[in-house]
Amino acid sequence: MSVKASLDTANRPDEWTIEQGWLLTNCQFLIRVFKDEEAIASVGDPKKLFKRERVGWKGYVEWEEFPEKKASAHKLLASQSFPDCPDFMFGPIPGTNPVLPGDDFVAWHEAIGGELTPVPEDSWRTVLLEKHPDMLHLLKFPYNGEPPKRLVTSKSITPNPLHFVRNHGGIPIIDKDKWDLSLDGLVQTPKRFSLNDLMDDSRFPRIEKTVTMQCSGTRRIEQIGLYGGQGDEVPQAPWAEGAIGTARYVGISLKKVIKECGGLINSAKHLELYGAETYVKDLEVGNYVVSVPWSKVKANEVLLVWEMNGEPLPKIHGYPLRVIVLGYIGARSVKWLYRIKAIKDTSRAPVQSREYLYFNQQVGKYNLRPTDGIQIQEMPVSSAIMSPWTKQAVIHVGKIRCKGWAYSGGGRWPERVELSADGGFTWYEVPAENMSKKGRWTWRTWELDLPCEVEGWIEIVCRCWDNSLNTQPLNIRAAWNWGLHVTSSAHRIKVYSINKSREITRKRLDKYDQMGVPLAPLTRYEAMPVQSSDEYEVFWNTHDPRDVED
Ligand SMILES: Nc1nc2c(c(=O)[nH]1)N[C@H]1C(S)=C(S)[C@@H](COP(=O)(O)O)O[C@H]1N2
Ligand SMILES: [Mo]
């Protein structure tokens, strides 16, 4: 074989850009485009099949009570193809806001039709009405959004317009006077309660509590950045550090409502909680359903709330009534609650049984069985640095001002927060007076002037110890999982330290300032030497030369 032939390769001409990660992987999937008009027509008229169920309940369709209706909707969805959700795990995450559109979910709502037709538009309108204009919209529909970094911890109680939002479907628009809550299943006496019934504090003592809610997807972007995982955009929305928020809620304990129904029938061990909107999972349609154990309810740790930070619950956060499960992941705190059913086992509904699972590292795309995952309930201790930001150039005089949050699930609280400016070798503790107040169910926001001598790139790391002395894994990989949940590793950011306590640096910055030269971007080349030729000569006149002589 000639040398030339042996050097021939079969590589692609764009190999180099692929290897450097400079080419968006332009995968061409073979999507079978089809629409079986006959099957679709055989389902019947969606306007009749999926019509408004109840006066004053816009965007609500009852699925769980009507298996035949579920089957019709499934047939509609299975008889045609839909746009695939964009791959945001392997290629760069789009720089748009909203980041991802959720076209598949919109198309499913359109395909089902009836009451669901206007839901995507109504939901977006509600986002624009109720949320802060600076929200980072991760997913337009179902709406998922978080506050921008600078606003996540600007207050220890999150203002309602800035509280993150995590939806699996549209936002139902429910009239509180037409609303009621049904309690059934394994209770002595099934009952229905109006909002006024529940607000009657002679029957149900009122509870007011400050509670932090964290989505188990918080900081998922770090896991995605390391390796792509499950890419369904709704379950796996690419959250940063803002999928956590704290509010003061007013409501009652679910335990008392169950007592009003004469208590549970013996075999009941769980309470299934129903949210009014429509969620599509694997082309199967249902309402949003999860469950909590009776032991949690018995401990008065499951609340039904109607007020958030002194206002009626915003529509987007579950108006007129939602659940708040103290110390559990957000997924259990069902919004637009309309039914509670006492049951024997954990709910079999998809959000409880097939999502929010924590897998080990032998489980991947091709061998994933839901029974191999741990159903996530309490979050472990975690923390995040909200200021400064990754790749930020930070000007300081020997100490970098850092801010962030720390949280632990299950009724534990941050007891100590520590930061390191050298990648996790030396740690400095946040002084107690720089942390927000302790609370059994709340995060603590914190601030620290972190000593930093270095000029140049550094890695700032943050970790928390909770009151049980649990702490965080030191790197993402240690807890990486295909489902991309529970990113609780110590939070690491890379920043460029500009230490103005150095005279040279200070003078340099002053000079830039006088000349009106902007500092950003850091990497821009400036043809302005730090040292003059004269200074260079002076140095060598007073120092030994580069090479010594005999
Ligand atoms: N009905 C309903 N309740 C729901 C959800 C949902 O999609 N539908 N999302 C859950 C999840 S995963 C989280 S993290 C929290 C988010 O609550 P928030 O949107 O009020 O911040 O609501 C939970 N309750
Ligand atoms: Mo969540």
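Miscellaneous remarks
- Among (1) more than 23 Å from residue 455 (Cα to Cα); (2) touching a residue at least 40 places away in the same chain (Cβ under 8 Å); (3) touching a helix residue (DSSP H, G or I) at 6+ places or on another chain (Cβ under 9 Å); (4) not basic (Lys, Arg) - the single one residue 395 does not satisfy: (1)
- Count - residues of segment 215-256 that are more than 16 Å from ligand 1 (Cβ to nearest atom) and among the β-branched types (Val, Ile, Thr): 2
- Those residues of segment 325-342 which are within 16 Å of ligand 2 (Cβ to nearest atom) and either more than 25 Å from residue 122 (Cα to Cα) or free of Cβ contacts under 8 Å to residues at least 24 places away in the same chain (or both), in sequence order: 325, 326, 327, 328, 329
- Residue in segment 67-81 that is in the same structural domain as residue 238 (by TED's automatic domain parsing), surrounded by 15 or more Cβ atoms within 10 Å (Cβ to Cβ), acidic (Asp, Glu) and at pLDDT 95 or above present: no
- Residue match in segment 171-193 (condition: closer than 30 Å to residue 341 by Cβ, crowded, with 24+ Cβ neighbours inside 10 Å and either at pLDDT 95 or above or touching a helix residue (DSSP H, G or I) at 6+ places or on another chain (Cβ under 8 Å) (or both)): yes
- Boolean, residue 259 is assigned to a helix (DSSP H, G or I) and either within 16 Å of ligand 1 (Cβ to nearest atom) or over 25 Å from residue 84 (Cβ atoms) (or both): yes
- Identity of the residue in segment 170-228, outside any loop (DSSP other than H, G, I, E, B), farther than 28 Å from residue 114 by Cα and small (Gly, Ala, Ser), that ends up farthest from ligand 2 (Cβ to nearest atom): 185
- The set of residues in segment 206-233 being on the phi < 0 side of the Ramachandran plot and either assigned by TED's automatic domain parsing to the domain that holds residue 436 or touching a strand residue (DSSP E or B) at 6+ places or on another chain (Cβ under 7 Å) (or both) consists of 206, 207, 208, 209, 210, 211, 212, 213, 214, 215, 218, 233.
- When segment 520-538 is filtered for residues that are free of Cβ contacts under 8 Å to residues at least 24 places away in the same chain and either of a type in the set (Gly, Ala, Ser) or on the phi > 0 side of the Ramachandran plot (or both), the ones remaining, listed by number, are 527, 532, 533.
- Within segment 419-470, tally of residues that are surrounded by 19 or more Cβ atoms within 10 Å (Cβ to Cβ), of a type in the set (S, T, N, Q) and over 26 Å from residue 248 (Cβ atoms): 1
- Scanning segment 85-139 for residues that are within 26 Å of residue 230 (Cα to Cα), touching a His at 6+ places or on another chain (Cβ under 8 Å) and surrounded by 18 or more Cβ atoms within 10 Å (Cβ to Cβ) gives 98, 99, 120.
- The lone criterion from (1) among the aromatic types (Phe, Trp, Tyr); (2) closer than 30 Å to residue 233 by Cα; (3) modelled with pLDDT under 95 left unmet by residue 512 is number (2).
- For segment 266-291, a residue qualifies if it is touching a His at 6+ places or on another chain (Cβ under 6 Å) and closer than 23 Å to residue 190 by Cα, and the qualifying residues are 288, 291.
- Residues located in segment 214-242, provided they are buried (at least 19 other Cβ atoms within 10 Å of the Cβ) and of a type in the set (Phe, Trp, Tyr): 239
Residues are listed down the side, and each one gets a yes or a no for (1) out of contact with any Ser or Thr (no Cβ under 7 Å at 6 or more places or on another chain); (2) among the small types (Gly, Ala, Ser):
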site	(1), (2)
194	yes, yes
199	yes, no
207	no, no
215	yes, no
237	yes, yes
264	yes, no
277	yes, no
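- Hits in segment 138-169 - residues which are outside any loop (DSSP other than H, G, I, E, B) and either within 16 Å of ligand 2 (Cβ to nearest atom) or of a type in the set (Val, Ile, Thr) (or both): 138, 139, 144, 145, 146, 152, 165, 166
- Failed item, numbered, when residue 547 is tested on (1) under 30 Å from residue 221 (Cα atoms); (2) at pLDDT below 95; (3) surrounded by fewer than 12 Cβ atoms within 10 Å (Cβ to Cβ): (1)
- Screening segment 343-363 for residues that are under 25 Å from residue 127 (Cβ atoms) and part of a loop (DSSP other than H, G, I, E, B) and picking the one that is nearest to ligand 2 (Cβ to nearest atom) gives 356.
- Screening the candidates 110, 38 for the property of being modelled with pLDDT of 95 or more and under 28 Å from the mean Cα position of the chain (by Cα) yields one hit, 110.
Quick grid of which residues meet (1) away from ligand 2 (no atom under 16 Å from the Cβ); (2) over 18 Å from residue 440 (Cα atoms); (3) touching a residue at least 24 places away in the same chain (Cβ under 8 Å):
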site: 246; (1), (2), (3): no, no, yes
site: 263; (1), (2), (3): yes, yes, yes
site: 275; (1), (2), (3): no, yes, yes
site: 281; (1), (2), (3): no, yes, yes
site: 292; (1), (2), (3): no, yes, yes
site: 306; (1), (2), (3): yes, yes, yes
site: 317; (1), (2), (3): no, yes, yes
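- Some residue of segment 416-431 being among the acidic types (Asp, Glu), touching a Phe, Trp or Tyr at 6+ places or on another chain (Cβ under 7 Å) and at pLDDT 95 or above: yes
- Of residues in segment 311-342 being in contact with a Phe, Trp or Tyr (Cβ under 7 Å, 6 or more places away or on another chain) and in a loop (DSSP other than H, G, I, E, B), the one nearest to ligand 1 (Cβ to nearest atom): 334
The values are calculated or read from the model by the stated rules, or taken from the named source; none is laboratory data. Computed from a predicted model, the values in this text were never measured in an experiment. Neighbour counts are summed over all protein chains in view; Cβ atoms, including those assigned to glycine, are modelled from backbone coordinates with ideal geometry.
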